[in-house]
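The values are calculated or read from the model by the stated rules, or taken from the named source; none is laboratory data. All values reported here derive from a predicted model rather than from experimental measurement. Surface accessibility is based on the protein's heavy atoms, side chains included, excluding ligands, DNA and RNA. Shrake-Rupley method; radii C 1.70, N 1.55, O 1.52, S 1.80 Å.
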Amino acid sequence: REDLDVRMLLPPAGAASNRCAEEEQVGGRPFVCEVIDAYRMPTPQDLTIVTEVVNRVDTCKKRLDVTDIVVDAGIVSPNNPVSAENGERRRRYGCNPDGVDVACMSYCTSSSFKGLQAETENKVKHYGCAVWCEEPIKSQEELDARLGVAVPVKIYQSTPLRVLHRRASGVRTRHVLTLSARLVNEHWFALHLSTSAGTYVKEFVHGDCGRTKPSISSMLGCKTDILRLDCEGIAM
(Lines give C-alpha, C1' and ligand atoms only; values in the text may rest on other atoms or scores of the structure.)
Protein backbone atom coordinates (compact mmCIF):
# COMPACT_ATOMS: atom_id res chain seq x y z
CA ARG A 1 0.00 0.00 0.00
CA GLU A 2 2.90 2.39 0.45
CA ASP A 3 4.75 3.95 -2.50
CA LEU A 4 7.28 1.67 -4.17
CA ASP A 5 10.21 3.59 -2.66
CA VAL A 6 8.81 3.55 0.89
CA ARG A 7 10.08 0.89 3.27
CA MET A 8 7.55 -0.70 5.62
CA LEU A 9 9.34 -1.18 8.95
CA LEU A 10 8.54 -2.29 12.44
CA PRO A 11 8.12 0.30 15.21
CA PRO A 12 11.14 1.50 17.22
CA ALA A 13 12.72 -0.52 19.99
CA GLY A 14 10.55 -0.60 23.07
CA ALA A 15 7.34 -0.06 21.12
CA ALA A 16 7.46 -3.61 19.81
CA SER A 17 9.73 -5.41 22.22
CA ASN A 18 6.91 -7.75 23.21
CA ARG A 19 6.36 -8.71 19.58
CA CYS A 20 2.89 -10.23 19.16
CA ALA A 21 1.41 -8.44 22.15
CA GLU A 22 2.62 -5.08 20.90
CA GLU A 23 1.55 -5.77 17.31
CA GLU A 24 -1.99 -5.02 18.47
CA GLN A 25 -0.88 -1.46 19.15
CA VAL A 26 1.85 -0.42 16.70
CA GLY A 27 3.17 -2.89 14.19
CA GLY A 28 3.89 -3.58 10.55
CA ARG A 29 1.42 -3.82 7.69
CA PRO A 30 -1.40 -6.29 8.50
CA PHE A 31 -2.40 -8.71 5.76
CA VAL A 32 -4.75 -11.59 5.07
CA CYS A 33 -3.67 -14.64 3.08
CA GLU A 34 -6.36 -16.83 1.52
CA VAL A 35 -5.53 -20.39 0.45
CA ILE A 36 -7.75 -21.45 -2.47
CA ASP A 37 -8.94 -25.07 -2.73
CA ALA A 38 -6.77 -26.27 0.14
CA TYR A 39 -6.42 -30.03 0.52
CA ARG A 40 -6.43 -29.67 4.31
CA MET A 41 -6.60 -27.06 7.00
CA PRO A 42 -3.18 -25.84 8.15
CA THR A 43 -2.37 -26.56 11.75
CA PRO A 44 -0.84 -24.02 14.16
CA GLN A 45 2.44 -25.87 13.66
CA ASP A 46 2.11 -25.33 9.89
CA LEU A 47 1.73 -21.58 10.44
CA THR A 48 4.86 -21.58 12.57
CA ILE A 49 6.79 -23.42 9.86
CA VAL A 50 5.57 -21.00 7.17
CA THR A 51 6.65 -18.06 9.31
CA GLU A 52 10.13 -19.51 9.81
CA VAL A 53 10.51 -20.33 6.11
CA VAL A 54 9.47 -16.82 5.01
CA ASN A 55 11.76 -15.26 7.59
CA ARG A 56 14.63 -17.56 6.64
CA VAL A 57 15.42 -18.09 10.31
CA ASP A 58 17.74 -20.96 9.36
CA THR A 59 20.16 -18.39 7.92
CA CYS A 60 20.13 -16.14 10.99
CA LYS A 61 23.23 -16.31 13.13
CA LYS A 62 21.05 -15.46 16.10
CA ARG A 63 17.46 -14.55 16.83
CA LEU A 64 17.02 -10.99 15.67
CA ASP A 65 15.59 -8.52 18.10
CA VAL A 66 13.49 -5.56 17.07
CA THR A 67 16.05 -2.76 17.20
CA ASP A 68 15.93 0.87 16.37
CA ILE A 69 16.86 2.38 13.03
CA VAL A 70 18.93 5.45 12.32
CA VAL A 71 16.68 7.16 9.79
CA ASP A 72 19.49 9.43 8.68
CA ALA A 73 21.75 6.47 7.91
CA GLY A 74 20.95 7.06 4.28
CA ILE A 75 21.84 10.75 4.38
CA VAL A 76 25.08 11.25 2.52
CA SER A 77 26.73 14.60 1.97
CA PRO A 78 30.35 15.71 1.51
CA ASN A 79 30.49 16.95 5.08
CA ASN A 80 28.56 14.06 6.60
CA PRO A 81 29.10 10.72 4.86
CA VAL A 82 26.62 8.70 6.89
CA SER A 83 25.89 5.24 5.56
CA ALA A 84 24.39 1.93 6.56
CA GLU A 85 27.83 0.66 7.49
CA ASN A 86 28.19 3.09 10.37
CA GLY A 87 24.93 2.89 12.18
CA GLU A 88 21.82 1.59 10.49
CA ARG A 89 20.13 -1.27 12.28
CA ARG A 90 17.05 -2.53 10.52
CA ARG A 91 13.99 -3.60 12.47
CA ARG A 92 12.84 -7.00 11.30
CA TYR A 93 11.76 -10.48 12.34
CA GLY A 94 14.10 -12.61 10.26
CA CYS A 95 16.82 -12.79 7.63
CA ASN A 96 14.95 -13.00 4.33
CA PRO A 97 17.31 -11.45 1.74
CA ASP A 98 14.32 -9.85 -0.01
CA GLY A 99 13.55 -7.91 3.18
CA VAL A 100 10.07 -9.36 3.78
CA ASP A 101 9.36 -10.79 7.24
CA VAL A 102 6.12 -11.91 8.88
CA ALA A 103 5.00 -12.45 12.46
CA CYS A 104 2.05 -13.57 14.54
CA MET A 105 0.34 -15.61 11.82
CA SER A 106 -2.99 -16.97 13.02
CA TYR A 107 -6.40 -18.03 11.77
CA CYS A 108 -8.94 -15.38 10.87
CA THR A 109 -12.48 -15.25 9.49
CA SER A 110 -13.51 -14.26 5.95
CA SER A 111 -14.85 -10.98 7.32
CA SER A 112 -11.28 -9.99 8.23
CA PHE A 113 -10.46 -9.69 4.53
CA LYS A 114 -13.39 -7.37 3.81
CA GLY A 115 -12.70 -5.08 6.75
CA LEU A 116 -8.93 -4.95 6.48
CA GLN A 117 -8.60 -1.92 4.20
CA ALA A 118 -11.41 0.03 5.86
CA GLU A 119 -9.84 -0.49 9.28
CA THR A 120 -6.39 0.55 8.06
CA GLU A 121 -7.71 3.81 6.63
CA ASN A 122 -8.86 4.86 10.10
CA LYS A 123 -5.58 4.17 11.89
CA VAL A 124 -2.57 6.27 12.84
CA LYS A 125 0.61 5.82 10.81
CA HIS A 126 4.16 6.50 12.00
CA TYR A 127 6.87 7.69 9.62
CA GLY A 128 10.59 8.45 9.58
CA CYS A 129 12.02 10.80 6.95
CA ALA A 130 15.41 11.99 5.79
CA VAL A 131 14.95 15.65 4.86
CA TRP A 132 17.16 18.16 3.03
CA CYS A 133 16.64 21.90 3.40
CA GLU A 134 18.04 24.61 1.16
CA GLU A 135 18.92 27.14 3.86
CA PRO A 136 21.49 26.18 6.51
CA ILE A 137 20.23 25.50 10.03
CA LYS A 138 22.92 26.23 12.58
CA SER A 139 21.71 24.32 15.64
CA GLN A 140 19.14 21.90 17.01
CA GLU A 141 17.61 24.77 18.94
CA GLU A 142 17.07 26.72 15.72
CA LEU A 143 15.47 23.69 14.06
CA ASP A 144 13.14 23.16 17.02
CA ALA A 145 12.16 26.83 17.02
CA ARG A 146 11.41 26.92 13.30
CA LEU A 147 9.35 23.75 13.53
CA GLY A 148 7.69 24.93 16.71
CA VAL A 149 4.15 24.22 15.60
CA ALA A 150 1.72 22.96 18.22
CA VAL A 151 0.60 19.40 17.52
CA PRO A 152 -1.77 18.00 16.55
CA VAL A 153 -1.90 20.31 13.54
CA LYS A 154 -4.55 20.31 10.85
CA ILE A 155 -3.22 20.38 7.29
CA TYR A 156 -4.98 20.97 3.98
CA GLN A 157 -3.76 18.99 1.01
CA SER A 158 -4.79 19.48 -2.59
CA THR A 159 -4.48 16.37 -4.73
CA PRO A 160 -0.71 16.02 -5.27
CA LEU A 161 0.68 16.91 -8.68
CA ARG A 162 2.27 13.45 -8.92
CA VAL A 163 -1.14 11.71 -8.82
CA LEU A 164 -3.34 14.42 -10.34
CA HIS A 165 -3.40 12.61 -13.69
CA ARG A 166 -5.25 9.66 -12.14
CA ARG A 167 -7.18 11.16 -9.24
CA ALA A 168 -9.85 13.82 -9.08
CA SER A 169 -8.74 17.26 -7.99
CA GLY A 170 -9.82 18.15 -4.49
CA VAL A 171 -8.71 19.26 -1.03
CA ARG A 172 -8.51 16.83 1.87
CA THR A 173 -8.05 17.62 5.55
CA ARG A 174 -5.63 15.50 7.55
CA HIS A 175 -3.81 15.75 10.89
CA VAL A 176 -0.18 15.53 11.92
CA LEU A 177 -0.39 14.13 15.44
CA THR A 178 3.25 14.16 16.54
CA LEU A 179 6.34 15.80 15.07
CA SER A 180 10.01 15.71 16.07
CA ALA A 181 13.25 16.42 14.24
CA ARG A 182 16.94 15.76 14.85
CA LEU A 183 19.58 17.86 13.11
CA VAL A 184 22.28 15.90 11.26
CA ASN A 185 24.14 18.83 9.73
CA GLU A 186 23.31 22.30 8.41
CA HIS A 187 21.24 21.00 5.51
CA TRP A 188 19.98 17.60 6.69
CA PHE A 189 17.73 16.42 9.49
CA ALA A 190 15.81 13.28 10.47
CA LEU A 191 12.09 13.81 10.88
CA HIS A 192 9.74 11.51 12.78
CA LEU A 193 6.00 12.04 12.71
CA SER A 194 2.68 10.31 13.11
CA THR A 195 -0.32 11.19 11.00
CA SER A 196 -3.89 10.25 10.35
CA ALA A 197 -4.22 7.66 7.59
CA GLY A 198 -4.33 9.05 4.08
CA THR A 199 -1.88 11.88 4.68
CA TYR A 200 0.44 12.65 1.80
CA VAL A 201 3.66 12.70 3.82
CA LYS A 202 6.02 13.57 0.95
CA GLU A 203 3.89 16.59 0.10
CA PHE A 204 3.74 17.61 3.76
CA VAL A 205 7.53 17.79 3.72
CA HIS A 206 8.21 19.66 0.46
CA GLY A 207 4.89 21.50 0.19
CA ASP A 208 4.01 20.38 -3.37
CA CYS A 209 4.38 23.90 -4.80
CA GLY A 210 2.18 25.32 -2.06
CA ARG A 211 -0.59 22.74 -2.49
CA THR A 212 -0.13 21.41 1.08
CA LYS A 213 -0.56 23.97 3.88
CA PRO A 214 1.15 24.13 6.25
CA SER A 215 4.21 22.07 5.33
CA ILE A 216 7.74 21.57 6.61
CA SER A 217 8.87 23.82 3.77
CA SER A 218 6.54 26.64 4.83
CA MET A 219 7.53 26.25 8.49
CA LEU A 220 11.23 26.54 7.66
CA GLY A 221 10.63 29.24 5.06
CA CYS A 222 12.80 27.57 2.43
CA LYS A 223 12.84 24.79 -0.12
CA THR A 224 12.93 21.27 1.34
CA ASP A 225 12.99 17.81 -0.16
CA ILE A 226 12.50 14.30 1.19
CA LEU A 227 15.18 11.76 0.34
CA ARG A 228 13.90 8.80 2.32
CA LEU A 229 10.52 7.88 3.70
CA ASP A 230 9.98 4.89 5.98
CA CYS A 231 6.61 3.80 7.28
CA GLU A 232 7.63 2.81 10.80
CA GLY A 233 4.39 1.31 12.02
CA ILE A 234 0.63 1.40 12.00
CA ALA A 235 -1.39 1.70 15.19
CA MET A 236 -3.99 -1.05 15.03
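Return the sequence-ordered ³J(HN,Hα) values of region 166-175 in whole Hz as given by the Karplus equation 6.51 cos²θ - 1.76 cosθ + 1.60 applied to θ = phi - 60°, using x for Gly and Pro.
Residue by residue, region 166-175 yields 10, 10, 5, 6, x, 10, 10, 9, 9, 10 Hz.
Using θ = phi - 60° and the Karplus relation 6.51 cos²θ - 1.76 cosθ + 1.60, list the HN-Hα couplings for region 132-148 in order, rounded to whole Hz, with x at every Gly or Pro.
Residue by residue, region 132-148 yields 10, 10, 5, 8, x, 10, 7, 8, 4, 5, 5, 4, 4, 5, 6, 9, x Hz.
What is the set of long-range amide H partners of Leu9 at a cut-off below 5 Å, with H atoms built 1.01 Å from backbone N?
Cys231, Glu232, Gly233
What order do Arg228, Arg56 take when sorted by accessible area (1.4 Å probe), most exposed first?
Listed by decreasing accessible area, they come as Arg56, Arg228.
Computed over the Cα atoms of region 97-146, what is the convex hull's projected area averaged over all directions, in nm²?
Averaged projected area of region 97-146's Cα convex hull equals 7.7 nm².
Could you run the Debye sum over the Cα atoms of region 83-236, one equal point scatterer each and no solvent, and tell me log10 of I(q)/I(0) at q = 0.21 Å⁻¹, two decimals?
Taken in order of the listed q values, log10 I(q)/I(0) reads -1.37.
Can you run phi through the Karplus equation (6.51, -1.76, 1.60; θ = phi - 60°) for region 192-199 and list ³J(HN,Hα) in whole Hz, with x for Gly and Pro?
10, 8, 10, 9, 5, 4, x, 6
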